[in-house]
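Heads up: the structure comes next, in structure tokens.
Each value in this text was obtained by applying a stated rule to the coordinates, not by laboratory testing. Note that the structure is predicted; figures quoted are calculated from it, not measured. Because the Cβ atoms are built from the backbone with ideal geometry, glycine has one as well, and the counts that use them run over all protein chains shown.
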Amino acid sequence: MKSPQQFWDKIAPRYARSPIRDEKSYQKKLAVTQGYFRPDWSVFEFGCGTGSTALIHAPHVRHIVATDVSPRMLEIAEAKARDAGIGNISFRQGTLESLELEAESFDAVLGLNILHLLEDVEGAIARVHALLKPGGVFVSSTALIGALKFYWRMLIPVMQAVGFAPHVSRFDKQALVAMLGAAGFSIDYEWQPNRATVFIVAKKA
């Protein structure tokens, strides 16, 4: 299996051209997220991909640090930011584990369509909690691999073996909520657009 960086570097151009699958749900998530934002907020996004969501949120906050494991994804993101004339996003290559970030330095952390792609989901949630200021929010939108139909769960290893799918962690909503609670988060908002995805805003006490 390719490394995460190799996998996402390879598909970056195709990913950048892909349309949003559920535009109505995407717009609702944007609106809910922006309802939490304040103009002076500092935001961190991990797994930002080609930066589309960060670009939309940028006018609503002071600054965004947007990161991804794939340098190719970030090249596309930076070009899009330049073309849009947006200057309050700092793009950085790396992961939650590899980046040196100051504790309690962000008002919000965004992890959108990324948690299920991580090997250590609990560790990532704990890291997010440490990065947030007291009262800060963690916004996540996550595929629930554990809730997929049986044949999809059986197909994933085959796709991974031939390089058509990345690593995925198989948790359901109950397990995700439990991991958030164990890390010290309380659920402030929860919405399931379908049985296999969940959108959660979790607050640090």
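Brief remarks follow.
- Computed Rg/Rh of region 4-204, alpha carbon atoms with Kirkwood Rh: 0.94
- Applying 1/(1 + (r/R0)^6) with R0 = 22 Å to the Cβ-Cβ distance of Ala205 and Asp40 gives a FRET efficiency near 0.55.
- Placing pseudo-labels 7 Å out from each Cα toward the beta carbon at Glu97 and Asp188 gives an inter-label distance of 2.9 nm.
- R0 of 41 Å, Cβ-Cβ distance Glu104-Lys10: FRET efficiency to nearest 0.05: 0.70
- Spacing of the two label points (7 Å from each Cα toward its C-beta) at Asn88 and Arg195, in nm: 4.2 nm
- Among beta bridges that DSSP assigns inside the chain, antiparallel share in %, nearest 5: 40 percent
- Of the residues Lys173, Lys28, Lys133, the one that moves most in a GNM of the chain with alpha-carbon contacts below 10 Å is Lys28.
- In terms of surrounding Cβ atoms within a 10 Å radius of their Cβ, Val128, Val32 rank from fewest to most as Val32, Val128.
- Protection proxy ranking of 92-105, 51-64 - average other beta-carbon atoms within 10 Å, highest first: 51-64, 92-105
- Lys-Lys pairs in the chain that are eight or more residues apart or on separate chains and whose Cα atoms lie under 18 Å of each other come to 7.
- Sequence-separation-based contact order of region 66-145, relative, with Cα cut under 8 Å and 6+ spacing, percent: 31 percent
- Distance (nanometres) between label positions extended 7 Å along Cα→Cβ at Asp22 and Ser52: 1.5 nm
- Segments 74-87, 114-127 sorted - mean Cβ within 10 Å per residue, highest first: 114-127, 74-87
- Neighbours of Leu101 by Cβ distance under 13 Å: Lys/Arg scored +1, Asp/Glu scored -1, total -2.
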